[in-house]
Each structure stands twice: as C-alpha cells, then as structure tokens.
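Enquirer: Sharing a structure here in structure tokens format.
The values are calculated or read from the model by the stated rules, or taken from the named source; none is laboratory data. Since we're looking at a predicted model, the values are computed, not measured. A quick note on method: Cβ atoms are made from the backbone with ideal geometry, for glycine too, and the neighbour counts reach across all protein chains shown. For accessibility, only protein heavy atoms count, side chains too; no ligands or nucleic acids. Shrake-Rupley method; radii C 1.70, N 1.55, O 1.52, S 1.80 Å.
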Amino acid sequence: MNLTHWSAAAWSAIGSGATALAFLVSAWVLGLQLKDRRRMPAEGVTVWVDDRYQQGDRGDLVRTVSVVLKNVGAHPVFDAQVVVGYGHFGRRVTSIGPLAVPTQPVLPPGAEWTWPIEDVLRSTEVEGRLVAEVSFRDSANRWWLRDFDGHVSRWRGRLRRSITRIDDNDVGLDKFGPVSLENPISVAAAFWTVLGDPISPDRTAQLRSLCTPESLPAWGNFDGIGELLAGHGLASFPAYPAPGVAYVKFPENIGDAILVSGPTLMAAKIMTLQYRHDVDPPGWRVYALGTPVPPEKIPSPGATPEAGDDISAS
C-alpha cells in the first residue's frame, strides 16, 4: 500500500496505539519503582551466624559463636524475630529456635547487635553449618522474611508455618534435642514427668535435684504442682531472655503432639530455668512455674528469694 493513500484515521490509530503502549510501559516502570521502594526497608536488614575459632590465653583454640542482626537501611523495622538453624549446602535447614536472640520491638537504622550463643548450643546436636533467618515488619505493616539462604521476600504466613502436628507414636525426647542437663527442654520434660509419679520420698528427691537450691523452700513437697500442667503440652523451642535464663513453654489445651518451629501466639504456662555452674552436676535447674520470672528477679546462686516471691504461680 502506498503511504500517501493512508487515511488520517489510520495514522490516528497508530498514534493512539503508540500512546497506549507508552502508557503501559510507564505504568510498568512505575510499578517496579514502587515495588523497589517497598523493598528498601527489607533489603537493609540482614542476619548471620559468626562462627569462628580464636587463639585463647593459653595458646589453645576457643570457639566463639554469635548471631549478628544488622540494619544498614535508612528506615527502622519492627518485631524482628530471629531463628537459628543448621544444615549443609544445598540441603534442607533444620530450625533450632531463637536461641539467645530475643524479639526486637524496634531495629533502628544503623543498628548492629550481637548475641553469643555458644553456651546455649550445648542443648542441640548440630550437623553442618549454622545459619539464621529473620522475619520483621516495616512501617506499612508489611511482613518480610530474609530466609536461611539470604533471600528477602514478603511473608504472609508467619504464624501458619509455626506449628507442626506429629503422630503420637513419633513423639520422643529426641525431638527436643539431647537428653542432658545442658538442654533446658530435657530438664523441663524430666520435671514434668516426675510430677506425674505417685507422691513418695523418691519423687520429692528427684524433683528437688532438678530445682535451683534457692527455690526449694517455696516448692515444699511439690503437692499440687502437677495440676498446673494438666491438659498442657511441651513446646519444642525454649526462649533465652538473658544469659543463664531459659523459658520453656507448656501450651494449654493441647490435644495433639506438636512441634513449634517459630514465634507463635499460644496460651501457655511458662517454666523459668536457671543455668547453674555451682551445682553437681552443672546444668539447667527449674526455678519457677506459671508466669515467666524476669531475669533480674531470679536470685543469684546462694541468695534467698525475697519475701512474697511466688515461684509456682498459676
């Protein structure tokens, strides 16, 4: 067709098409810019496990393991929750909980915080390298996750993935780490189990051996303590609010065995434990049951609880 024979309508249609195409391209570019702008606060947040050996004072090698949480962005983020895991390259990572990293209500711009975890790692049998992930929300209330591989993505199911129901026949203490006084879950499970035994001098002696010496006067003969945990289950991850202090959760109204693999809102009794180097053998001991005891309220070794302290509140 000769271009001179084209009508004005044809040229107008081409012009309209070009305008529409330009509009779509502009909208697409604007969408990418908005998406990048939304991701900016998330891209600045990172977390990793610093696992290294250093020369000790005697020339020996000393292992130090810390979780480092950092925000290099220009915006604060909120409710940052760290989970530590272990695994091998190219394989599935096994979550082992927040360990010594408490939830951070605010992570301001430029913040870099470190938590040593080598002590609490004694409660876990680790295979492979240690990694960490962090979930958090921005000021627009969007939740984000920087996963174990370091990838950042929107996180819309942060609570849905936190609970896994398991078959009753598959329940064992191996699900909660090694059976040892170095594992607060193991100590809490042993305390809970012995509470269910008939009252006897042997039962009382076993329970006393699992408690901090300073708390023994308040426990008495442990009469009625078992009723506090009736209908409860045992959560798989302890929380460490301070060095040498652990909280173990006993969720209420549990009809099935579950594994809790992340931050989860559940009604629960809280067992407070203290790590003791001065008892034989050293390890975690139960201090209180009911509501969590603030770390500063837990007596130091050899002290006596203040009058009015209730270590078994319901």
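Enquirer: One-quarter of the Cα convex hull surface for region 200-242, in nm²?
Expert: Across all orientations, region 200-242 yields a mean hull projection of 4.4 nm².
Enquirer: If you roll a 1.4 Å probe over region 179-257 with all protein chains in place, what percent of the accessible area is carbon or sulfur?
Expert: Taking all protein chains in place, region 179-257 shows 56 percent carbon and sulfur surface.
Enquirer: At a 10 angstrom cut-off on C-beta neighbours, averaged per residue, how do the peptides 45-54, 224-233 rank from highest to lowest?
Expert: Peptide ranking by packing, descending: 45-54, 224-233.
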